[in-house]
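Below you'll find the structure, written out as C-alpha cells, and then a few comments.
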Amino acid sequence: MPVRDSRRTEQRRTEQQRTEQRRAGGEGRVLNVFSHGVLVLWGLMVALPLLWAVMSAFKTDKEIFTSPWALPGRLHFDAWGRAWSQAHMSQYFLNSLIVVAGSLFGTMLLGSMAAYVLARFEFPGNRLVYFLFVGGMSFPIILALVPLFFVMKNMQLLNTYPGLILVYIAYSLPFTIFFLSGFFRTLPSSVAEAALIDGASHTRTFFQVMLPMAKPGLISVGIFNFLGQWNQYLLPTVLNVGDENRKLLPQGLVALAVNQGYRGDWSGLFAGLVMAMLPVLAAYIVFQRQVQAGLTAGALK
C-alpha cells in the first residue's frame with residue numbers, strides 16, 4: 001500500500017508539472033505573439049515614412065500629388081541636383097561635416113579620459129565630480145541659451161566653427177562620461193596592472209591598453225553622439241545666425257522646406273530630406289553590431 005500511494009503521489013506531481021508547463025507554454029506563446037506584433041507595428045511606423053520619402057525624392061511634383069503611394073514611373077534625378085546645388089545642400093552638408101567631425105573627436109577624447117579617471121581612480125571628490133557630470137544630463141539646454149549666447153558673443157565665437165564645436169562638446173560630455181564610466185568599470189584591472197608593472201605610464205596604459213579594450217563602448221556612445229550632434233537644430237539656430245554660408249544641415253533643411261514650399265518644388269524638398277538622412281542611416285548600418293555589443297557588454301560581464 002505505501003508503494004501504491006507513493007506511485008500515485010508521483011503521478012499527481014507529474015501531471016501537475018505537465019499542466020503547469022502547458023499553461024506556461026501557452027502564456028509564453030501569447031506573450032511572444034503580442035511582443036512580435038508590437039515590434040512589427042513599430043517597424044512599419046518607422047520604415048514606411050522613410051520609404052515614402054525616398055520614393056517621393058525620385059518622383060516629379062505631379063506624381064507626388066496624383067499618385068503619392070505608387071512607385072515612380074521612372075527614376076527622376078533632377079530633384080537631387082536642384083537640392084544639392086540650387087538649395088545649397090552641398091554647403092550645408094560640408095558645414096555639418098566639419099562641425100560634427102571636430103565635436104565628435106573632442107567629445108570622445110575628453111569624455112573617455114574623464115570617464116577612465118572617474119571609474120578607475122579613487123581621489124577626494126571623485127563622486128562629487130561624477131554626479132556633477134551626471135547632473136548635466138538633467139539640465140534643459142533651452143534654459144542656458146540666453147546666457148550661452150552672451151558668453152559666446154563676449155568670447156567672439158558666435159557664427160564660427162570653433163564656437164559650435166566647443167558648445168557641442170560641452171553638450172555631449174555628460175552622457176558620454178556617464179556611459180563610459182560604467183563601461184570602464186567592467187574592464188579587468190589585471191591588464192592595466194600588468195602594463196604598469198612592465199613600466200608603462202598611465203597615459204600609455206590608457207591609450208594603448210584600456211582604450212582598445214573599450215572599443216565597443218566607444219563605438220556605441222560615438223554613434224549616439226553623432227546622431228545627436230548631426231540632428232542638432234536648437235544650438236546652431238541660436239549661435240550660428242550671421243552668415244548664410246555657415247548654416248548647418250538642420251538649418252538648411254528648414255530653409256529648404258520654406259523655400260521649396262513657396263516654389264512648389266516638393267520633389268526637391270524630399271531629395272534634401274533624404275540627403276540629410278543618409279549619413280545617419282549609413283553610420284548605424286555599418287556599426288550596428290558594434291552598437292549592440294557595446295550596449296550588452298556591461299550586462300554580460
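The values are calculated or read from the model by the stated rules, or taken from the named source; none is laboratory data. As the structure is a prediction and not an experimental result, all values here were calculated from the model. Here Cβ is always computed from backbone atoms with ideal geometry, including for glycine, and neighbour counts include all displayed protein chains. Note: accessible area is taken over every heavy atom of the protein model, side chains too, but ligands, DNA and RNA are not part of it. Shrake-Rupley method; radii C 1.70, N 1.55, O 1.52, S 1.80 Å.
What to note about this one:
- Test for Ala144: is it small (Gly, Ala, Ser), within 24 Å of the chain's Cα centre (by Cα) and over 16 Å from Asn240 (Cα atoms): no
- Note on the stretch 71-93: residues that are among the charged types (D, E, K, R) and within 15 Å of Val274 (Cα to Cα) total 2.
- Filter pass, Ser112 being at pLDDT 90 or above, farther than 29 Å from Asp243 by Cβ and either among the polar types (S, T, N, Q) or touching an Asp or Glu at 6+ places or on another chain (Cβ under 6 Å) (or both): yes
- Members of the stretch 223-250 that are of a type in the set (S, T, N, Q), in a helix (DSSP H, G or I) and surrounded by fewer than 20 Cβ atoms within 10 Å (Cβ to Cβ): Thr237, Asn245
- Test result for Gly102, of a type outside the set (A, V, I, L, M) and over 24 Å from Thr203 (Cα atoms): no
- Count of the stretch 89-119 residues which are crowded, with 23+ Cβ neighbours inside 10 Å and under 22 Å from Pro188 (Cβ atoms): 4
- Screening the stretch 168-202 for residues that are over 30 Å from Pro236 (Cβ atoms), of a type in the set (S, T, N, Q) and in contact (Cβ under 8 Å) with a residue 60 or more places away in the chain and picking the one that is surrounded by the fewest Cβ atoms within 10 Å (Cβ to Cβ) gives Ser189.
- In the stretch 145-167, of all residues being touching a helix residue (DSSP H, G or I) at 6+ places or on another chain (Cβ under 9 Å) and over 21 Å from Gly102 (Cβ atoms), the one that is surrounded by the fewest Cβ atoms within 10 Å (Cβ to Cβ) corresponds to Val146.
- The stretch 30-61, subset open to solvent by 70 Å² or more (accessible area, probe 1.4 Å) and modelled with pLDDT under 85, residue nearest to Leu273 (Cα to Cα): Leu39
- Meets criteria (over 15 Å from the mean Cα position of the chain (by Cα), within 24 Å of Ala283 (Cα to Cα) and touching a residue at least 40 places away in the same chain (Cβ under 8 Å)) for Gly252: yes
- Among the candidates Ala276, Ala299, residue that is aliphatic (A, V, I, L, M), more than 19 Å from Gly106 (Cβ to Cβ) and at pLDDT 80 or above: Ala276
- Condition met for Leu253 (touching a Ser or Thr at 6+ places or on another chain (Cβ under 7 Å) and either aliphatic (A, V, I, L, M) or surrounded by fewer than 16 Cβ atoms within 10 Å (Cβ to Cβ) (or both)): no
- Residues being within 19 Å of Ala170 (Cα to Cα) and modelled with pLDDT under 85 - total across the stretch 211-261: 0
- Counting only helices (runs of 4 or more DSSP H) that sit completely within the stretch 45-141, those holding 1 or more residues that are touching a residue at least 60 places away in the same chain (Cβ under 8 Å) correspond to 61-66, 78-81, 89-120.
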